[in-house]
Structures are given as C-alpha cells and as structure tokens.
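Below is one structure, written out as structure tokens, with a few remarks after it.
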Amino acid sequence: MDWASVAGVLLALAGIIIGQSLEGGKLSSLFQPAAFAIVVVGTVGAVLLQSRFASFKRGLRMLKLVFAPPPDTRLALAREINAWSLSARRDGLLSLERYMLSSKDPFITKGLRLIVDGINPDKLRQILDAEITVYETEERLAVRIWESAAGYSPTIGILGAVLGLIHVMENLTDPNKLGAGIAVAFVSTVYGVGLANLLFYPIANKLKAVVTQAVFQQEIAAAVFYDIATGDHTRVIDERVATLMQGR
C-alpha cells in the first residue's frame, strides 16, 4: 500500500472539510446530487467520447496502481542481467534458453528467445523497440483518460453552474426554490475544480511515473539483449546495470 497516496487523498478532503467548517458553512451544503451528476456523469461521457473503450477500461484498472504500486523489480532485473551475461559468456547464447523458459515476463521471454534463435542483433533491437513502443502507447492512452477527465471536469462544472443559474432565473418569483438553484451553481464549480486538481491530475501524474519506470526497465533490458547478442564487453552490460540501479 502506498500510504503517501492514501494520506494525500485524506489531506485533500480534510482541507476542504476543515476550511468549510472554519468559514462557518455546513458540510451538508457540499452534498448536491444534481451537481455531482452533472460533473461526474458529464466528465465520464466526455472521456468515453474521446477514448477507445479498451483504453478507458485499462485506465480504470490502473487506478489501483496509485494506492498499490507495482513492486520495485530493478534489483531482481539487475541480478537476472548479470546471470544472462555470465551464462552467455561461459556457455554460449543457447544456454540462455533455461532463463527464457523460467521467465514470467513476456518481454524478457521474447528478448531471450530472439537471442537463442540467433536473430540478427540489429533486427532483434528493432523488434524489441517496436514492442516497447506499442506497450508505452497503450499504457499512456490508458493514463490519458485521467488527464482528460482533469481537463473536462472544471468546464463541465461551469456548465453545471450555468444550469443552476438558469434554474434560479426561472424561479425568481418563488424564493423557496432559489437556494437550491444557487447551491447547484456553486457546488458544481467546486466539484469540477476539486476533482480535477485534487484527484484526476494527481492520479494521472502518478500513473505516468509508473509507466515511465516500466518503459525504462524494458529499454535497459532491450539494450542488454542487444549487447549480449553482439558479444559486447561485459563492462558495457555492467554500466547498463549501474544505470538501472540509479535512484534506489
């Protein structure tokens, strides 16, 4: 569990609640079903309109990574790289087959298989680079739904405010209905701006960092596969590992 993310959400909500209380306002005034429906449902509709449904579903599934990020596998990858390098140098490239069969990472399995099959190193690198590009594109399209939601929700909040004011203007002769319309108008804006800046943008940025780290590790692995296939000096591979481990 990433407790920093949990604490961030709780602090954001606490700031709004405490601020509302200090101003003497009632918390119940922040709960407006009409405003919530306008902003949230409208934002979801706008995001669905611009995104492929597969990317939308993938983006929703990625939400769990904000609070339960994937484990840091750099150390394990560094150990695997050292094992591949040593095995290839001592026993030849075909010895990597046992690592290929035991790997649970499809990208690692593919890279090792290309080496064992004797694919030209330049072709190997092209294939792996294309694999990385496809993976990164799909992941970033999924993350973009949160970024898009952050862009749409404030504007839809303003739309809710305008609708609330229209309701107010329609009931100027009935004071009992003015309060509800004004509440929807202002709370819609609060929902739109609040969701964008307290949830959607932070979620998008957190997921971007997760994707960037995963892509970085794939790029390091692809470079190592190329080095092994070309029989490059082990010092080069050691430098790759050192780069991988930076920032631990």
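The values are calculated or read from the model by the stated rules, or taken from the named source; none is laboratory data. Because the structure is predicted, anything quoted here is derived from the model rather than measured. Virtual Cβ from ideal backbone geometry, glycine too; neighbours counted across all protein chains shown. Just the protein is used for accessible areas: all its heavy atoms, side chains included, with ligands, DNA and RNA removed. Shrake-Rupley method; radii C 1.70, N 1.55, O 1.52, S 1.80 Å.
Each row is one residue, and each column tells you yes or no for (1) in contact (Cβ under 8 Å) with a residue 24 or more places away in the chain; (2) among the hydroxyl-bearing types (Ser, Thr, Tyr); (3) surrounded by fewer than 20 Cβ atoms within 10 Å (Cβ to Cβ); (4) assigned to a helix (DSSP H, G or I).
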site: 82; (1), (2), (3), (4): yes, no, yes, yes
site: 90; (1), (2), (3), (4): no, no, yes, yes
site: 94; (1), (2), (3), (4): no, no, yes, yes
site: 99; (1), (2), (3), (4): no, yes, yes, yes
site: 112; (1), (2), (3), (4): yes, no, no, yes
site: 131; (1), (2), (3), (4): yes, no, yes, yes
- Run residue 242 past the list (1) aliphatic (A, V, I, L, M); (2) modelled with pLDDT of 85 or more; (3) in contact with a helix residue (DSSP H, G or I) (Cβ under 8 Å, 6 or more places away or on another chain) and report the number of the one that doesn't hold. (3)
- Among residues of the stretch 29-60, those that are more than 21 Å from residue 185 (Cβ to Cβ) and open to solvent by 80 Å² or more (accessible area, probe 1.4 Å), counted: 6
- Message: Among the numbered criteria (1) touching a Phe, Trp or Tyr at 6+ places or on another chain (Cβ under 7 Å); (2) polar (S, T, N, Q); (3) over 28 Å from residue 189 (Cα atoms), which one does residue 102 miss?
- Response: (1)
- Message: List pairs: first residue in the stretch 43-59 and in a helix (DSSP H, G or I), second residue of a type in the set (S, T, N, Q) anywhere in the structure, Cβ distance under 8 angstrom, at least six positions apart or on different chains.
- Response: 43/153; 46/148; 47/148; 50/148; 59/51
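Select from the stretch 147-171 the residues that are open to solvent by 30 Å² or more (accessible area, probe 1.4 Å) and either at positive phi or not aliphatic (A, V, I, L, M) (or both) and list them in ascending order.
First, the residues of the stretch 147-171 that are open to solvent by 30 Å² or more (accessible area, probe 1.4 Å): 147, 151-152, 154-155, 158-159, 162-163, 165-167, 169-170.
Passing the criteria: 147, 151, 152, 154, 155, 167, 170.
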- Taking only pairs six or more apart or across chains, which ones have beta-carbon atoms under 7 Å, a first residue in the stretch 212-228 that is at positive phi, and a second residue that is surrounded by fewer than 19 Cβ atoms within 10 Å (Cβ to Cβ)? none
